[in-house]
Ligand code: HEC
Ligand SMILES: [Cu+2]
């Protein structure tokens, strides 16, 4: 199944190299790529098989009884002969036999739950922000990406916030999922045990483009992770200074602006960036302004200050989320969209 979906994915995006997604050794599970996978899958299999055995037993008994006690003669059937009565033996049996199983489900589930909710103190911390309809991850240095990069064999704690509505952070390969709730922090921790790329989904319906709210976790070898981070930061700085327009385009895609702002003149959730700079914009309160650099910067940092006429006030603020270099590059990029 994983093979089929990755083959389909490769067909759909033939120009990009196929991501190195490890194959799942299981029939119905994604890859077991975190320390949680084994225990979670064991609990899942345990509950599934016990339920399957019980279901099959019930269906077999029901079928046999249907055959054995079916009406053969209508007149005989309408005059009950035997008395169906209370049976202590039966009642005790069907209460006591399932009891150890139910207790086992509880204990196994509770152990797993406590483990998954308690990050180790030395965990590497990454901040995640969910907003309609993208993810932003911020590393301790302040560097941000929209794909989550983590080291292998090291506990990682992701501190999650939501900017607008409820989202959910879900990485099936790590068996970890938690809601992202506006106005409070939630967290998820995991320790990846293999390198590769794994899908990260929003698992809480959050509006029109919920199904596009997909990104990936990239697991690096421990040392390679530090190198990746340093290199990425250095490159960002360099690119930003050298070619702000091209860099602005990267930020436009990375920061999720592309979900709401087109470059081809068509309105999406927000107005298009085509021909925006220099235009006179009308706002819902009846005022107007000419779009200049200050207006662009204000629109990104404080989108509620002026609401463009005909559009909802639904843009999330990016204040404190984008470095100065990134903001400047975005402004230059929007200016370049003639
Ligand atoms: C969830 C959708 C959404 C996202 C994501 C989003 N915006 Fe917006 N944006 C809007 C909407 C809706 C408006 C119009 C209402 C308003 O003025 O606040 C808007 C308005 C703007 C404006 C003013 C446009 C005009 O015609 O005057 C700018 C500039 C802008 N956004 C830039 C950005 C940038 C840069 C990003 C990414 C860092 C971004 N937006 C991300 C929805 C979004
Ligand atoms: Cu979402």
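The values are calculated or read from the model by the stated rules, or taken from the named source; none is laboratory data. Everything numeric in this text was worked out from a predicted model, so none of it was measured. Using ideal geometry, Cβ is built from the backbone for each residue, glycine included, and neighbour counts are taken over all protein chains shown.
Checking the structure you have, find out if any residue of region 286-294 is more than 26 Å from residue 141 (Cβ to Cβ) and surrounded by 16 or more Cβ atoms within 10 Å (Cβ to Cβ).
For region 286-294, residues more than 26 Å from residue 141 (Cβ to Cβ) and surrounded by 16 or more Cβ atoms within 10 Å (Cβ to Cβ): present.
Got a number for residues in region 170-191 being crowded, with 18+ Cβ neighbours inside 10 Å and not in a strand (DSSP E or B)?
5
Just a yes or no: is a residue in region 237-250 touching a strand residue (DSSP E or B) at 6+ places or on another chain (Cβ under 8 Å) and under 23 Å from residue 198 (Cα atoms)?
Scanning region 237-250, I find no residue that is touching a strand residue (DSSP E or B) at 6+ places or on another chain (Cβ under 8 Å) and under 23 Å from residue 198 (Cα atoms), so the answer is no.
In region 265-275, is there at least one residue being away from ligand 2 (no atom under 16 Å from the Cβ), within 30 Å of residue 139 (Cα to Cα) and either in the same structural domain as residue 130 (by TED's automatic domain parsing) or crowded, with 19+ Cβ neighbours inside 10 Å (or both)?
Looking through region 265-275, at least one residue is away from ligand 2 (no atom under 16 Å from the Cβ), within 30 Å of residue 139 (Cα to Cα) and either in the same structural domain as residue 130 (by TED's automatic domain parsing) or crowded, with 19+ Cβ neighbours inside 10 Å (or both).
Being under 30 Å from residue 257 (Cα atoms), away from ligand 2 (no atom under 16 Å from the Cβ) and either assigned by TED's automatic domain parsing to the domain that holds residue 50 or at pLDDT 95 or above (or both) narrows it down to one residue among 108, 96, 102, 156; which is it?
156
Considering only region 151-169, state which residues are away from ligand 1 (no atom under 16 Å from the Cβ), assigned to a loop (DSSP other than H, G, I, E, B) and under 15 Å from the mean Cα position of the chain (by Cα).
None - no residue of region 151-169 is away from ligand 1 (no atom under 16 Å from the Cβ), assigned to a loop (DSSP other than H, G, I, E, B) and under 15 Å from the mean Cα position of the chain (by Cα), so the list stays empty.
Quick check, is residue 325 out of contact with any strand residue (DSSP E or B) (no Cβ under 7 Å at 6 or more places or on another chain), assigned to a helix (DSSP H, G or I), farther than 24 Å from residue 134 by Cα and away from ligand 2 (no atom under 16 Å from the Cβ)?
no
Select from region 86-137 the residues that are in a strand (DSSP E or B) and touching a residue at least 40 places away in the same chain (Cβ under 8 Å) and write down the one among them that is surrounded by the most Cβ atoms within 10 Å (Cβ to Cβ).
Only one residue tops the list, namely 130.
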